[in-house]
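The values are calculated or read from the model by the stated rules, or taken from the named source; none is laboratory data. Quantities reported herein were computed from a predicted structural model and do not represent experimental measurements. No Cβ is skipped: glycine too gets one built from the backbone with ideal geometry, and neighbour counts run over all protein chains shown.
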Amino acid sequence: MKRLLVFATVVALSLVTSGLLLAQSDSDIGTWKLNVAKSKYVGVQAPKSQTRTYEAQGDAIKISRDGIAADGSRVSYTNTIKYDGKDSPISGMGAPNGADTETVKRIDANTTTYTQKKAGKVVQTGRQVVSKDGKVMTTTSKGTDAQGQPTSSTAVYDKQ
């Protein structure tokens, strides 16, 4: 029984430590607010607001996006990703171009690329860069809407 308690304690401490290390080494971790004035949208209307929250969860990152779309509807979707290039399901409402999965790859300490799909078909690709000072995140994307029309955006987020 004592061995089991020691083992469980070691496992719990390892998970907490790995989450803290990931949070310290991942420039995305934190809360980011969309700066609508600095952002640009083509083929799609700019949202009225959006907040993104990136949280370390062991060796993964939980991404939550909440806001108000251009038409006033609520946007709220989440997924938990690893930087392994594998699809991660998206749950909630309002994902760009109706995406239901996302794949994310780490390029360097401040840069990731992503691919969002709907029913296995790519609907958006992009690149996300956090500034060297860690205060600004810029996401550039290109995609296709439900009518097959091209969309693109450069979204600028400020760290909160």
Subject >> Candidate set from the range 133-148 (those that are touching a Phe, Trp or Tyr at 6+ places or on another chain (Cβ under 9 Å) and among the polar types (S, T, N, Q)); member that is nearest to Gly98 (Cα to Cα) >> reply: Ser141
Original post:
Restricting to the range 142-153, what's the tally of residues that are surrounded by fewer than 16 Cβ atoms within 10 Å (Cβ to Cβ), polar (S, T, N, Q) and assigned to a strand (DSSP E or B)?
Top reply: 1
Original post:
Conditions: (1) assigned to a strand (DSSP E or B); (2) of a type in the set (Gly, Ala, Ser); (3) surrounded by 15 or more Cβ atoms within 10 Å (Cβ to Cβ). Gly92 meets all but one. Number of the miss?
Top reply: (3)
Original post:
What's the number of the condition Ile107 fails, among (1) among the β-branched types (Val, Ile, Thr); (2) under 21 Å from Val36 (Cβ atoms); (3) surrounded by fewer than 14 Cβ atoms within 10 Å (Cβ to Cβ)?
Top reply: (2)
Subject >> Check on Thr113, closer than 17 Å to Lys159 by Cα, at pLDDT 95 or above, surrounded by 13 or more Cβ atoms within 10 Å (Cβ to Cβ) and not aromatic (Phe, Trp, Tyr) >> reply: no
Original post:
So is Lys82 of a type in the set (D, E, K, R) and either under 17 Å from Asn110 (Cα atoms) or in contact (Cβ under 8 Å) with a residue 60 or more places away in the chain (or both) or not?
Top reply: yes
Original post:
Being in a strand (DSSP E or B) and farther than 25 Å from Ile29 by Cβ, is that true of even one residue in the range 122-141?
Top reply: yes
Original post:
Name the strands (runs of 3 or more DSSP E) wholly within the range 36-89 that hold at least 3 residues that are closer than 19 Å to Lys117 by Cβ?
Top reply: 60-68, 74-81
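Being of a type in the set (D, E, K, R), closer than 22 Å to Thr151 by Cβ and under 12 Å from the mean Cα position of the chain (by Cα) is the requirement here; does Arg74 meet it? It would help to see each step written out before you state the result.
Numbers: of a type in the set (D, E, K, R): yes; closer than 22 Å to Thr151 by Cβ: yes; under 12 Å from the mean Cα position of the chain (by Cα): no.
No, not satisfied.
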